[in-house]
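The values are calculated or read from the model by the stated rules, or taken from the named source; none is laboratory data. Computed from a predicted model, the values in this text were never measured in an experiment. Every residue, glycine as well, gets a Cβ built from its backbone with ideal geometry; the counts of neighbours run over all protein chains shown.
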2 protein chains.
Amino acid sequence: MAVDFSHTYAVIMAGGGGTRLWPVSRKERPKQLLPLLGQETLFQSTVRRLEVLFPPGRIIVVTVEEQALEMRQQAPEIPDENYLIEPAPRGTAAAVGLAATVLQKRDPHASMAVLPSDHFIRNVDLFHYLLKAAFEVAGDGYLVTLGITPTAPSTAFGYIQQGRPVDGDYKYPVYTVVRFKEKPDEQAAQQLLRTGDHSWNSGMFIWRADTILDEIDKQMPQLSGELKVIGQAWGTSKQKEVLNERWQALKNETVDYGIMEQAERVAVLPAGGLGWSDVGLWSSLFEVLLPDMDGNIATNSSLHLAHDTHNTLVYAGSTGRLIVTIGVDDMVIVDTGDALLVCKSDQAQKVKEVVEHLKKHRQEKYL
Amino acid sequence: MAVDFSHTYAVIMAGGGGTRLWPVSRKERPKQLLPLLGQETLFQSTVRRLEVLFPPGRIIVVTVEEQALEMRQQAPEIPDENYLIEPAPRGTAAAVGLAATVLQKRDPHASMAVLPSDHFIRNVDLFHYLLKAAFEVAGDGYLVTLGITPTAPSTAFGYIQQGRPVDGDYKYPVYTVVRFKEKPDEQAAQQLLRTGDHSWNSGMFIWRADTILDEIDKQMPQLSGELKVIGQAWGTSKQKEVLNERWQALKNETVDYGIMEQAERVAVLPAGGLGWSDVGLWSSLFEVLLPDMDGNIATNSSLHLAHDTHNTLVYAGSTGRLIVTIGVDDMVIVDTGDALLVCKSDQAQKVKEVVEHLKKHRQEKYL
């Protein structure tokens, strides 16, 4: 079905905290609000990437109160009313449901692309092409997800198994979804990589607002009921009061497990070559930033003096300190004002455990 | 010969700079003035170690103007006139000659132990025992040196090859010296370790003032001549003027190569079990401080959070920053206000090259 792109919307999901990029990422300074990869924050890069396809008036941001002020400053071109503030985190199903409810009230023909605020995409043109192709498929009533063709046996992502091609004259290959799989262990990840019909679940979804609301109605009737009440109050003087009241009762649930897994008309576009990264670990910066001849990355190379150093990331915060490495291989060094991290690259996932340790020992000032 | 210990003096040599403990050690804050191993500075530990045998009035410090003020504050019990200030560094031969000249003028029967200001000795009782034994041998007109029994094939030290036992009824084994050897390469160091008759040159010398002055007269007549002029002016109103004037003309020369190598009556006491370290490299702190069960050393353990970390030194300067290590083995991490060093332990000798690099690139603020 041909798509009328004037009814398409981008919904940026930006509520998360994220502890795996500690010590730069903190409770008050979550990953998406940080200029991790250069001058722009991840949120700003996400907005800029979308503004090619969507005018700011059709970019929606779902977030929490604590982050909204900073986001408005970082992307002032997005109208105030497009920031949807969750009273409390209730998972992506509720967040997506709220966005769909608000959009459908504004525009009964709305289609939406649900996109994380904190990912990196190198090949932006291909991304735009895929989004357009996905909106086409979504126009036919599918819940569409972008799958990322795996480049490694990752245990950090859920996987999507694709089935037979979806009938229809689409400009990009589209498949039915056999099932969504949780994060595998290492052995299973090795096997999944070999199958060729599994892709990473990137958390990018494209659908019509009415399609997802119908699906929520079928599978999550409680959420659907609350969303209807919220939708009726939306735009009235009771908007905030009703939202706050109804939100409290919601269960924490993700789109993936609350909706996608049981839905019938689900499709996946497997995307290779996007140069996508969820920037989920310090070590993922090696995929995103360009290493020098020795495989090293320094966010401020004038402050890094490398001596017999290879495949090492030196993230210089705003301390302005000189960082000297001698005989260092495969390391991540992150220097911030009050904390220093020195971590073997292949153990970057353990940063999370460190943050949990700090939490447990009530070291609030480092969280 | 029985020794009258009331004529023995300790001469602490404290002029050096030292770049191998950068970034803590700097031009203005040389190694011996730093509390590297705890509350006391290395200089203070050296003084305290000697005060058991020598009253403060018989402890002499040879140093340079830039360091003297700080030393006087660190060891106020040593009388002002015992600080001998070199107008400029001219090597250990000149420094030792000056001390011997001044001591002999004060006390014609003076014997002196020449000792570095910046070494560590765990077994202080044995050290005292060896010093007393060495003074006995020195009483018979020998130039005595303490050799350190090697515990590894080190390329960081010169070696002393011992010959036959020295005749005499000494309470500790004493040997003649066959030769002094410069720092060997790795292969040679391996061989030297196996011979059993080589010890490390620790820079600790014991002799009578008259013996060393006679030897200087024989081997370094220019130095001897200047020292005599300086000695005559010492204690007069012209002391400083004459010292400054005569000092300029001196050649830079060490005791080892300027005097010891050619001297005839040289003896060595090979010392095992002293727990000696020259604290010459960051990695030598593993010999000096006591590692925990994982082989780690943290100078401030409340600021080090170790996760799967082994044989790693975390030196927390005064920054008070939390230092987290994950998957780190055999490393040295040194955190200071304006510079951070991350270095594989077995490459700690390369710190010197880094300092040379900084010098070459005129990064004065880090020197």
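How many residues are assigned to a helix (DSSP H, G or I) and touching a helix residue (DSSP H, G or I) at 6+ places or on another chain (Cβ under 7 Å) when one looks only at segment B:212-233? Give the steps one after another, and end with the answer.
Restricting attention to segment B:212-233, the residues satisfying the condition of being assigned to a helix (DSSP H, G or I) are B:212-219, B:221-233.
Imposing the further condition that a residue be touching a helix residue (DSSP H, G or I) at 6+ places or on another chain (Cβ under 7 Å) reduces the set to B:212-213, B:215-217, B:219, B:223-224, B:226-227, B:229-231, B:233.
The qualifying residues number 14.
Being surrounded by 18 or more Cβ atoms within 10 Å (Cβ to Cβ), modelled with pLDDT of 95 or more and closer than 29 Å to A:Arg362 by Cβ narrows it down to one residue among B:Thr325, B:Thr336, B:Thr319; which is it?
Exactly one residue qualifies, and that residue is B:Thr325.
A:Thr309 - would you say it is closer than 19 Å to B:Gly337 by Cα and either more than 29 Å from the chain's Cα centre (by Cα) or outside the structural domain of A:Leu21 (by TED's automatic domain parsing) (or both)?
It is false that A:Thr309 is closer than 19 Å to B:Gly337 by Cα and either more than 29 Å from the chain's Cα centre (by Cα) or outside the structural domain of A:Leu21 (by TED's automatic domain parsing) (or both).
Could you check how many residues of segment B:248-263 are under 16 Å from B:Val64 (Cα atoms) and buried (at least 17 other Cβ atoms within 10 Å of the Cβ)? Break it down stepwise before answering.
Filtering segment B:248-263 for residues under 16 Å from B:Val64 (Cα atoms) gives B:248, B:250, B:252.
If we keep only those that are buried (at least 17 other Cβ atoms within 10 Å of the Cβ) as well, we get B:250.
Residues in segment B:248-263 being under 16 Å from B:Val64 (Cα atoms) and buried (at least 17 other Cβ atoms within 10 Å of the Cβ): 1 in total.
Go through the residues of segment B:247-266 one by one and say whether even a single one is within 23 Å of the chain's Cα centre (by Cα), at pLDDT 95 or above and of a type in the set (Asp, Glu).
Within segment B:247-266, not a single residue is within 23 Å of the chain's Cα centre (by Cα), at pLDDT 95 or above and of a type in the set (Asp, Glu).
For segment B:37-73, enumerate the residues that are touching a residue at least 40 places away in the same chain (Cβ under 8 Å), in a loop (DSSP other than H, G, I, E, B) and more than 12 Å from B:Val11 (Cα to Cα). Can you show your working first?
Quick first cut of segment B:37-73, residues touching a residue at least 40 places away in the same chain (Cβ under 8 Å) only: B:37, B:42-43, B:45-46, B:49-50, B:52-54, B:58-64, B:67, B:71.
Going one step further and asking which of them are in a loop (DSSP other than H, G, I, E, B), we end up with B:37, B:52-54.
Across segment B:37-73, the qualifying residues are B:Leu37, B:Val52, B:Leu53.
Please specify each residue of segment A:315-331 satisfying the condition of being in a strand (DSSP E or B), in contact with a Leu (Cβ under 9 Å, 6 or more places away or on another chain) and at the interface with another protein chain (Cβ under 9 Å from one of its Cβ atoms).
Within segment A:315-331, A:Leu322, A:Ile323, A:Val324, A:Thr325, A:Ile326, A:Met331 meet the criteria.
For residues that are within 9 Å of chain B (Cβ to nearest Cβ), in a helix (DSSP H, G or I) and under 8 Å from A:Trp22 (Cβ atoms), tally how many sit in segment A:332-357.
Selection size over segment A:332-357: 2.
Looking at segment A:105-157, which of the residues that are assigned to a loop (DSSP other than H, G, I, E, B) and of a type in the set (A, V, I, L, M) is surrounded by the fewest Cβ atoms within 10 Å (Cβ to Cβ)?
Once the filter is applied, the top-ranked residue is A:Ala152.
Would you confirm whether or not segment B:294-304 contains a residue that is of a type in the set (Val, Ile, Thr) and either more than 30 Å from B:Leu130 (Cα to Cα) or at pLDDT 95 or above (or both)?
Yes: segment B:294-304 contains one or more residues that are of a type in the set (Val, Ile, Thr) and either more than 30 Å from B:Leu130 (Cα to Cα) or at pLDDT 95 or above (or both).
So how many residues does segment B:264-276 have that are small (Gly, Ala, Ser) and surrounded by fewer than 19 Cβ atoms within 10 Å (Cβ to Cβ)? Even if it seems obvious, please write down each step before you answer.
Taking segment B:264-276 first, the residues small (Gly, Ala, Ser) are B:267, B:271-273, B:275.
Filter once more, so that each one left must be surrounded by fewer than 19 Cβ atoms within 10 Å (Cβ to Cβ): B:272-273, B:275.
Summing the residues that are small (Gly, Ala, Ser) and surrounded by fewer than 19 Cβ atoms within 10 Å (Cβ to Cβ) in segment B:264-276 gives 3.
Please verify whether A:Leu115 is touching a strand residue (DSSP E or B) at 6+ places or on another chain (Cβ under 6 Å) and among the hydrophobic types (A, V, I, L, M, F, W, C), treating the condition exactly as stated.
Criteria met by A:Leu115.
Among the residues of segment B:312-338, which ones are among the hydroxyl-bearing types (Ser, Thr, Tyr) and within 27 Å of the chain's Cα centre (by Cα)? Quick ask: steps written out before the conclusion?
The initial filter retains those residues of segment B:312-338 that are among the hydroxyl-bearing types (Ser, Thr, Tyr), namely B:312, B:315, B:318-319, B:325, B:336.
Passing the criteria: B:Thr312, B:Tyr315, B:Ser318, B:Thr336.
Could you tell me whether any residue of segment A:282-300 is at the interface with another protein chain (Cβ under 9 Å from one of its Cβ atoms) and surrounded by fewer than 21 Cβ atoms within 10 Å (Cβ to Cβ)?
Kept after step one, since they are at the interface with another protein chain (Cβ under 9 Å from one of its Cβ atoms), are these residues of segment A:282-300: none.
Within segment A:282-300 (the criterion being at the interface with another protein chain (Cβ under 9 Å from one of its Cβ atoms) and surrounded by fewer than 21 Cβ atoms within 10 Å (Cβ to Cβ)), the answer is no, since none of the residues qualifies.
For segment A:158-171, what are the residues that are at pLDDT below 95 and exposed (fewer than 15 other Cβ atoms within 10 Å of the Cβ)?
A:Asp167, A:Gly168, A:Asp169, A:Lys171 - these are the residues of segment A:158-171 that are at pLDDT below 95 and exposed (fewer than 15 other Cβ atoms within 10 Å of the Cβ).
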